[in-house]
1. Restricting to segment 140-161, and then to whatever is in a helix (DSSP H, G or I) and in contact with a strand residue (DSSP E or B) (Cβ under 8 Å, 6 or more places away or on another chain), can you tell me which residue is surrounded by the most Cβ atoms within 10 Å (Cβ to Cβ)?
2. All but one of (1) open to solvent by 40 Å² or more (accessible area, probe 1.4 Å); (2) closer than 21 Å to Tyr91 by Cα; (3) not aromatic (Phe, Trp, Tyr) hold for Ile201; which doesn't?
3. Across segment 26-44, what is the number of residues that are open to solvent by 50 Å² or more (accessible area, probe 1.4 Å) and either in a loop (DSSP other than H, G, I, E, B) or closer than 20 Å to Thr103 by Cβ (or both)?
4. Which one of the conditions (1) under 19 Å from Pro210 (Cβ atoms); (2) open to solvent by 10 Å² or more (accessible area, probe 1.4 Å); (3) part of a loop (DSSP other than H, G, I, E, B); (4) at pLDDT 95 or above does Asp118 fail to meet, given that it meets all the rest?
5. Show the residue pairs meeting these rules: Cβ distance below 6 Å; 6+ apart or different chains; first residue within segment 71-92 and under 22 Å from Val178 (Cα atoms) and assigned to a loop (DSSP other than H, G, I, E, B); second residue of a type outside the set (A, V, I, L, M, F, W, C) and open to solvent by less than 60 Å² (accessible area, probe 1.4 Å).
6. Given the structure, is Arg47 out of contact with any helix residue (DSSP H, G or I) (no Cβ under 7 Å at 6 or more places or on another chain), modelled with pLDDT under 95 and either surrounded by 15 or more Cβ atoms within 10 Å (Cβ to Cβ) or more than 30 Å from Ser104 (Cα to Cα) (or both)?
Amino acid sequence: FAPTLHTRGRTALIDWLRERHHDDAGLAGTWQMPGVSFEALAKSWTRPLTPAARSDLEAFSTIMVDRLFSTLTRACRAVDPNHLNLGARYYTIPPTWAQRGMTSFDVFSVNQYRKTIDPKLGELSSAIGAPVLVGEWHFGALDAGLPASGIGHVPTQADRGRAYRVYLENAASQPWCVGAHWFTLYDQSAIGRFDGENYNIGLLDVCNRPYDALCDAARLSHERMYDIAAGKIAPFDDAPEHLPMLFM
């Protein structure tokens, strides 16, 4: 528990636990934590949690996630009923307790900086009953002259093209994936954006010149994409050497 006291969320949690466990003895017995009480939960909490306690907190977290996203979804649909809810663009695959609260989405959006998209996203798609949209992915290279290459990166521009094809065509072959959005059109400035990122991640450099190897590869994949999705042809799989991810 965070040390902040008397928040609406904490009050709601304690009320929920009272309904679930009735009294201090029921709570302490289920959690297997002698001395725990509803009064103690209203204060700063530093004791380690038992598996039963974590299970309760995960169940309540599901309620909070559902309350957040279902409330926002209803509000948006009240004024704009004819557009899809693309979710929150989660930064990775959320834990199971969070997934259970995300069933109001029409599409689950997620960033996926990997060589290919994670097959576990197919399991997530089944769990929440919605397809997946990759909101961010890219590959940079070391030969563009910028101080850094990208979160996902490879040695050369030719390798960027091959990495692009492998990723996009693999995504197109997954029936639960409805799109993959490359980040971003232009390279970042050599002197860095607001947070210092200065990656070679564009289809174009900052002078509006295309990276031909990458753009040519993208055209090839785009021409094949629907046949891949229909199962008529296999996705491109000639992967280049991948350098270690910067993070994630």
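1. Arg160
2. Exception for Ile201: condition (1).
3. Within segment 26-44, residues that are open to solvent by 50 Å² or more (accessible area, probe 1.4 Å) and either in a loop (DSSP other than H, G, I, E, B) or closer than 20 Å to Thr103 by Cβ (or both) number 5.
4. (1) is the only condition that Asp118 fails.
5. Sorted first by the residue in segment 71-92, then by its partner, the pairs are Leu84/Asp106; Asn85/Thr73; Asn85/Asp106; Leu86/Ser109; Gly87/Ser109; Arg89/Ser109; Arg89/Gly135; Tyr91/Asn111.
6. So Arg47 fits the description; yes.
The values are calculated or read from the model by the stated rules, or taken from the named source; none is laboratory data. Model, not experiment: these values are computed from the prediction. Note: ideal-geometry Cβ built from the backbone for every residue, glycine included; neighbour counts use all protein chains shown. These accessible areas exclude ligands, DNA and RNA; they are computed on the full protein's heavy atoms, side chains included. Shrake-Rupley method; radii C 1.70, N 1.55, O 1.52, S 1.80 Å.
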